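The values are calculated or read from the model by the stated rules, or taken from the named source; none is laboratory data. Given the structure is predicted, the values throughout are model-derived calculations rather than measurements. Here Cβ is always computed from backbone atoms with ideal geometry, including for glycine, and neighbour counts include all displayed protein chains. Heads up: the accessible areas ignore ligands, DNA and RNA and are worked out on the full protein's heavy atoms, side chains in. Shrake-Rupley method; radii C 1.70, N 1.55, O 1.52, S 1.80 Å.
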Amino acid sequence: MDIKKPAYVPGHGLLKDRSVLITAAAGAGIGFAAAKRAVEEGCRAIVISDIHEGRLESSVQKLKDETGLEQVWGKTCNVANEEQVQALVNFAEDKLGGVDVLINNAGLGTTKALIDMEDDEWNKVIDVTLNGTMRMTRYMMKIMKTRGEGVIVNNASVLGWRAQKEQAHYAAAKAGVMALTRCAALEAADFGVRINAVSPSLAVHPMLKKSAPAELLAELEGREAYGRGAEVWEVANVMMFLASDYSSYLTGETISCSSQHA
Ligand SMILES: NC(=O)c1ccc[n+]([C@@H]2O[C@H](COP(=O)([O-])OP(=O)(O)OC[C@H]3O[C@@H](n4cnc5c(N)ncnc54)[C@H](O)[C@@H]3O)[C@@H](O)[C@H]2O)c1
């Protein structure tokens with residue numbers, strides 16, 4: 001395998017006949033990559049969601065065009081809004097005839113030194129990244145409990161474990177996602193639902209290149225043993241493992257998707 005330019009891995013039927021719901025899937029990053037990967041892994045139907053209505057519409061069409069699956073629906077949802085979260089889950093339950101796999105991808109970051117941080121900025125990052133994951137998990141768990149099955153995959157970050165300047169709010173939110181994953185998984189184990197998280201270090205995509213300074217991205221890539229960030233589909237692959245029966249003895253775990261430890 002060429003570690004600099006890995007070949008796209010074909011699907012292996014890991015999600016055969018499952019139904020999938022993914023939040024924040026209309027960007028250029030991990031969310032859309034996970035949606036595409038889920039279809040390639042054999043999922044029978046999928047609902048993708050995002051706060052951005054226009055991009056969501058085109059992402060639904062793009063997913064249909066690129067995979068040939070017709071059973072694709074889009075529903076706008078701001079995960080910071082409880083009513084919209086409940087409406088999204090109800091919509092997905094209805095369209096999919098029950099959600100087998102929920103992928104909580106939504107997360108928001110900014111770059112700000114703590115001494116300059118206003119409450120509003122801190123709260124917004126926590127509200128989308130941590131509280132949004134909690135809201136989706138809480139409502140979905142209630143429904144999965146009635147069926148006695150289901151899988152939830154959260155998107156954390158290595159910053160939930162490590163320090164980085166100007167990232168206290170985002171790192172705190174992602175550490176919270178990891179703790180939420182552990183505690184919710186313990187409760188959900190009682191009724192047959194698994195909850196795990198992936199923790200990417202860096203997955204470079206066009207929207208990130210636009211928003212993050214080039215020097216910072218180069219520095220972060222330099223920390224990786226592979227000398228590059230992950231392809232977004234490489235993170236999606238780990239999500240598919242966590243969503244599939246291959247991880248049947250895993251719950252409450254956060255799996256790193258990174259080459260920083262190598
Ligand atoms: N890309 C990375 O290097 C990296 C590294 C570690 C963790 N992550 C995490 O991965 C997840 C995906 O990030 P990504 O960079 O791959 O981009 P992405 O394309 O997967 O997600 C961005 C999308 O999120 C949507 N969004 C923003 N706020 C929202 C809200 N309140 N409700 C619903 N949707 C919302 C945006 O409209 C955008 O389409 C995030 O949770 C992020 O924190 C990313």
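Among the numbered criteria (1) more than 10 Å from the ligand (Cβ to nearest atom); (2) assigned to a helix (DSSP H, G or I), which single criterion is violated by LEU220?
Evaluating LEU220 over (1) more than 10 Å from the ligand (Cβ to nearest atom); (2) assigned to a helix (DSSP H, G or I) leaves (1) as the failure.
Only one residue in ALA203, ALA236, ALA214, ALA230 is among the hydrophobic types (A, V, I, L, M, F, W, C) and open to solvent by 60 Å² or more (accessible area, probe 1.4 Å), so which one is that?
ALA214
Is segment 169-189 home to any residue that is within 21 Å of VAL238 (Cβ to Cβ), without any contact (Cβ under 8 Å) to a residue 12 or more places away in the chain and more than 15 Å from the chain's Cα centre (by Cα)?
Looking through segment 169-189, at least one residue is within 21 Å of VAL238 (Cβ to Cβ), without any contact (Cβ under 8 Å) to a residue 12 or more places away in the chain and more than 15 Å from the chain's Cα centre (by Cα).
Sort out for me the helices (runs of 4 or more DSSP H) sitting completely within segment 121-215 that have 3 or more residues that are modelled with pLDDT of 95 or more, more than 11 Å from the ligand (Cβ to nearest atom) and more than 21 Å from ASP50 (Cα to Cα).
Counting at least 3 such residues, we get 132-147, 168-189.
Testing GLN86 on (1) open to solvent by less than 60 Å² (accessible area, probe 1.4 Å); (2) under 24 Å from LEU130 (Cβ atoms), one condition comes back false. Which one is that?
Evaluating GLN86 over (1) open to solvent by less than 60 Å² (accessible area, probe 1.4 Å); (2) under 24 Å from LEU130 (Cβ atoms) leaves (1) as the failure.
Please work out which residue is least open to solvent (accessible area, probe 1.4 Å), limiting yourself to segment 1-58 and to residues that are acidic (Asp, Glu) and without any contact (Cβ under 8 Å) to a residue 24 or more places away in the chain.
ASP2
Residues in segment 86-113 that are under 15 Å from the mean Cα position of the chain (by Cα) and within 12 Å of the ligand (Cβ to nearest atom): how many?
Result for segment 86-113: 7.
Which one is nearest to ASP127 (Cα to Cα), of the residues in segment 65-79 that are open to solvent by 50 Å² or more (accessible area, probe 1.4 Å) and more than 13 Å from the ligand (Cβ to nearest atom)?
TRP73
With respect to GLU118, determine if the residue is among the acidic types (Asp, Glu), under 22 Å from TYR170 (Cα atoms), away from the ligand (no atom under 15 Å from the Cβ) and modelled with pLDDT of 95 or more.
When the stated conditions are applied, GLU118 passes them.
Can you pull out the residues in segment 190-201 that are among the β-branched types (Val, Ile, Thr) and within 15 Å of the chain's Cα centre (by Cα)?
ILE195, VAL198
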